[in-house]
Amino acid sequence: MSALLEVRNVTRRFGGVVANNGVSLTVRQGEIAGLIGPNGSGKTTLFGCITGTHAVDGGDILFEGRSIAHLRSAPIARLGLLRTWQQTRVYSEMTCAENMAISAREAQGGLLSLLRSVPVSTRRKGDDLLAFAGLHEKRGDKAGSLSFGQQKLLEFAMALMNEPKLLLLDEPTAGINPTLINGLIDRLRRANTELGVTLLVIEHNMRVIMNLAHRITCLAHGEVLAEGPPEAVRADARVLDAYLGVA
Amino acid sequence: MLDNLSLFVQYPPLAADVILNGLLIGSIFALAAYGMALVWGVLNIVNVVQGELVVLGGYVTFLAVQAGLPPLLGLPLSAAVMFCLGWLIYRAVIFRVVDKDIFISILATFGLSILFQQLANAVFGSDVRTVDAGLGSLHLLDGTVTLSHVKLLAFALALGAGGALWLFLRHARLGQAIRATAQNPRAARILGIDTNRVYAMTYALNGALCGAAGSLAVMAWTIHPYVGLPYTVRSFMVVVVAGVGNVAGVVGAGLGLGALENVAGFVFGVEFQIAFVFALMVVILVWRNAMAARKRGYLE
Amino acid sequence: MNLLSASHLSDWHIMGALALAGLAGPLLLPALATQIAFLWLMVVFALTWDMLGGRMGYNSFGNIVFFGIGCYAAAVVQRDGGLPYFEGLASGLVVGAVAAVLAALVFGAAMLGIRGHYFAIGTLGLGIAAGEIAAGWDYVGAGSGMALPLYPGELGSREIFFCYSLFALAALCFLVFRWLYGTRFGLALNAIRDDHDKADAMGLRTTPIKIFAWSLSAFFLALSGGLTANMIGFIDPRDVAFAGATFGVWMVLMAILGGKGTLWGPVLGAFVFHIVQELFWTYLLGWQRVALGLLIVVIVVFFPQGIMGWWAARRLRATS
């Protein structure tokens, strides 16, 4: 499997705080990669660096072999690299169906292509993906009126609507009703296998990430602590130390 | 325009006069900008009515002098009256918009700005007003540089007020409560700080600073009902350049703006001075946004 | 508008009624032609402001710039063009529209990257700077403004002509905007309003979208400026062309009063505001502008959702 995303020695500082210090990781085409680490270890900052919301102070980021470290978020998204947020971001005053329609790939086109109404095929696809996320009956509701968990699902469906090559998910199960988590894992897997979306997932729930990911990277204090298959990372003494605080 | 520029370069004492007088006027801008930074930092409101508070402060001193009081007494009087007015404005309007969408507070204070501007026009008329402080002037370089003592007083007061504000925020109990509220109003409430009172006092304090600035403006310069918005924009610019929590930066940026504006007024002609102030603000915003964009950010 | 259709009124019914009123109004009430013309001008103001403020979440205090450019472009072309009245007017309108769109492209590229209150105050500065520059610039008459050529028709026909022209402009503006809001472009505007960062992160071309929206507003505002300048027959830099303290504020106020971000809100706001103003303003005897300031504060503080929002909330309560 070839590398879809390569993060090479990325460093990011906020004032005096080094949030990412020479972080390197690789996401291969077609896999589900996991990113774990204690709070404040720099996972979300790394997402920001990859998707163009934070400036990269050192190192490089390659997507399909091309440097994206200096692009801003919109051109990166158009290359097929999307993210979701831990606190979810949806267009709250628009309906779910509208959220889906404006997330379609063709909405990224130039001005002229925007001056058309949403085609029936796009509407149908949006409806199908809403059904996939279990939100079909909410399609006419404002996104802002959904519960937090539903907004997370909507955000996930919006990302899939865009047919990304790589999707970065920031804690997809945080704040979700535990009884719904198995269904969510199943959906993430189906997105990967049936829709062919490569995933990089930040997750705090160990049961979820050990189940889901093919490979896991563990960050601590802004540096890569361990990397490898789930079993190996779980067994790594340094990872246990980082989580349990046995210094 | 080019003639003025060459005159400016060829005759340094004249340049010194224009720049020094501008710097000293800039201390009035700095005073008003302290207040704007306070309100911005603590209430998270861009106070568009700022300039009208300055102008009203000027009218208080003007009226006091008309009533026979010595001009210098007008200074504390303006500050006191505007402190009370600030408190009233907070109680009547500002507290209703303090936690609302930022645009609501901008529009509400903009409405207040129009209200006070037009009230001033209706009550005091549209004449240009000034007050002779009777303090005389300082003459330098054989009289080519003339600095009125009022302007020097303004300068001293701006520095003094800046220092006092810094000490107040750092050491006084209310000052500490103000800083705590600015950082995290919810946490401050949990710790027993009456944030509503803190907001009211902050806004009233802003009123006092504007009142003092206005009093100095009417003595050192002129006021009329329509110069409010320029003061708002000047304060805004100064705070944008200096940063919300930076007292020393506000002094520096205020003085710098005063000098720059006076030079521009001299070079382009006084009729374009206000245009220069507003255009400069647009340029500063565009410039800062372009700088932020280079770091994958934006000005918000 | 689901809440309108619920009362058995469709957009088409309302549009038909307004078209009828617009066509018949000046004939039935020729004495009120000027007031009716100003009503259509207000509709253009509210609609064009709402495209940015209501739909896109960019609260501009500087849209008056484009109106002013339209005024001055028409005045200069009609003064220096040496053309007969209507040819001069037509070319003035075209030049004004082109100039305003170019200005919107430049200002938009520079300023639409700025967000939140920085954008609001920045555009406020833009509007006032434009007025001050016009007031100091001798080529356009500086502080004493410019007079426009006399309308060649018989007495009373001028008002009728501009009344119909502004009605046609308002109708065109409404129809174009209504169509746009139904396209992906309309959705993209709303997406930018609801979460700009998200829209960027989803790969929307937000910068061209925003610039186009502002240019379109500028286009209609410039046309309305050229027509209004000719209707009044005189432009003052601060009180007509770049009248930030009246027209510039009214734009915002009407859109909010009616309900921003809705199709009919700005139109409704323009009607209510203009009619109230015509009926009561004269009784205020010089205190109009004081009242305007007070009105802004009251509406913004107590009624920010506007008439449409209030209506929707009421209906929601009634059904639940």
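Taken together, the values in this text are just the output of simple stated rules run on the coordinates, not laboratory data. Everything numeric in this text was worked out from a predicted model, so none of it was measured. So basically every Cβ, Gly included, is an ideal-geometry build from the backbone, and we count neighbours across all protein chains shown.
How many residues does the stretch A:39-70 hold that are outside any strand (DSSP E or B), more than 14 Å from chain C (Cβ to nearest Cβ) and not hydroxyl-bearing (Ser, Thr, Tyr)?
12
Please enumerate the residues belonging to the stretch C:153-186 that are free of Cβ contacts under 8 Å to residues at least 24 places away in the same chain, of a type in the set (Gly, Ala, Ser) and within 14 Å of another protein chain (Cβ to nearest Cβ).
Within the stretch C:153-186, C:GLY182 is the sole residue that qualifies.
If you scan the stretch A:71-94, which residues turn out to be at the interface with another protein chain (Cβ under 8 Å from one of its Cβ atoms) and out of contact with any helix residue (DSSP H, G or I) (no Cβ under 8 Å at 6 or more places or on another chain)?
Residue satisfying the conditions is A:PRO75 alone.
Restricting attention to the stretch C:278-286, does a residue exist that is part of a loop (DSSP other than H, G, I, E, B), within 14 Å of chain B (Cβ to nearest Cβ) and free of Cβ contacts under 8 Å to residues at least 60 places away in the same chain?
yes
Counting only residues that are under 14 Å from A:ALA157 (Cβ atoms) and outside any helix (DSSP H, G or I), which one in the stretch A:95-113 is nearest to the other protein chains (Cβ to nearest Cβ)?
Only one residue fits best here, namely A:SER103.
Contact list please: Cβ distance under 9 Å, first residue in the stretch B:284-298 and facing another protein chain (nearest Cβ under 7 Å), second residue outside any helix (DSSP H, G or I) and among the hydroxyl-bearing types (Ser, Thr, Tyr), pairs at least six apart or on different chains.
B:ASN289/B:TYR298; B:ARG296/A:THR53
Every residue in the stretch C:287-306 that is in contact (Cβ under 8 Å) with a residue 24 or more places away in the chain, outside any helix (DSSP H, G or I) and either closer than 13 Å to B:PHE110 by Cβ or facing chain B (nearest Cβ under 7 Å) (or both), please.
Hit for the stretch C:287-306 is C:PRO304, nothing else.
In the stretch C:201-249, which residues are among the aromatic types (Phe, Trp, Tyr), assigned to a helix (DSSP H, G or I) and touching a residue at least 60 places away in the same chain (Cβ under 8 Å)?
C:TRP214, C:PHE219, C:PHE220, C:PHE247
Take the residues in the stretch C:187-220 that are of a type in the set (Gly, Ala, Ser) and within 23 Å of A:GLU163 (Cβ to Cβ), then tell me which one is farthest from the other protein chains (Cβ to nearest Cβ).
The extreme case among them is C:ALA199.
Does C:ALA129 meet the test of being in a helix (DSSP H, G or I), under 23 Å from B:ARG288 (Cα atoms) and without any contact (Cβ under 8 Å) to a residue 12 or more places away in the chain?
For C:ALA129, the condition - in a helix (DSSP H, G or I), under 23 Å from B:ARG288 (Cα atoms) and without any contact (Cβ under 8 Å) to a residue 12 or more places away in the chain - is met.
Would you confirm whether any residue within the stretch B:124-132 is exposed (fewer than 15 other Cβ atoms within 10 Å of the Cβ), among the aliphatic types (A, V, I, L, M) and away from chain C (no Cβ under 14 Å)?
Yes, that holds for at least one residue.
Could you please give the count of residues in the stretch A:211-238 that are farther than 25 Å from A:GLY183 by Cβ and of a type in the set (S, T, N, Q)?
Final tally of qualifying residues: 1.
Among the helices (runs of 4 or more DSSP H) confined wholly to the stretch C:1-101, which include 3 or more residues that are of a type in the set (A, V, I, L, M)?
In the stretch C:1-101, the matching helices (runs of 4 or more DSSP H) lie at C:11-28, C:33-50, C:64-80.
Residues of the stretch B:17-47 being over 9 Å from the mean Cα position of the chain (by Cα) and closer than 30 Å to B:ASP99 by Cβ, which ones?
B:ALA37, B:LEU38, B:VAL39, B:TRP40, B:GLY41, B:VAL42, B:LEU43, B:ASN44, B:ILE45, B:VAL46, B:ASN47
Restricting to the stretch B:252-264, name every residue that is in contact (Cβ under 8 Å) with a residue 24 or more places away in the chain and closer than 16 Å to B:LEU20 by Cβ.
The answer is B:GLY254, B:LEU255, B:GLY256, B:LEU257, B:GLY258, B:ALA259, B:LEU260, B:GLU261, B:ASN262, B:VAL263.
Scanning for something under 21 Å from the mean Cα position of the chain (by Cα), within 14 Å of another protein chain (Cβ to nearest Cβ) and in contact (Cβ under 8 Å) with a residue 40 or more places away in the chain, does the stretch C:138-152 turn up at least one residue?
So far as the stretch C:138-152 goes, no, none of its residues is under 21 Å from the mean Cα position of the chain (by Cα), within 14 Å of another protein chain (Cβ to nearest Cβ) and in contact (Cβ under 8 Å) with a residue 40 or more places away in the chain.
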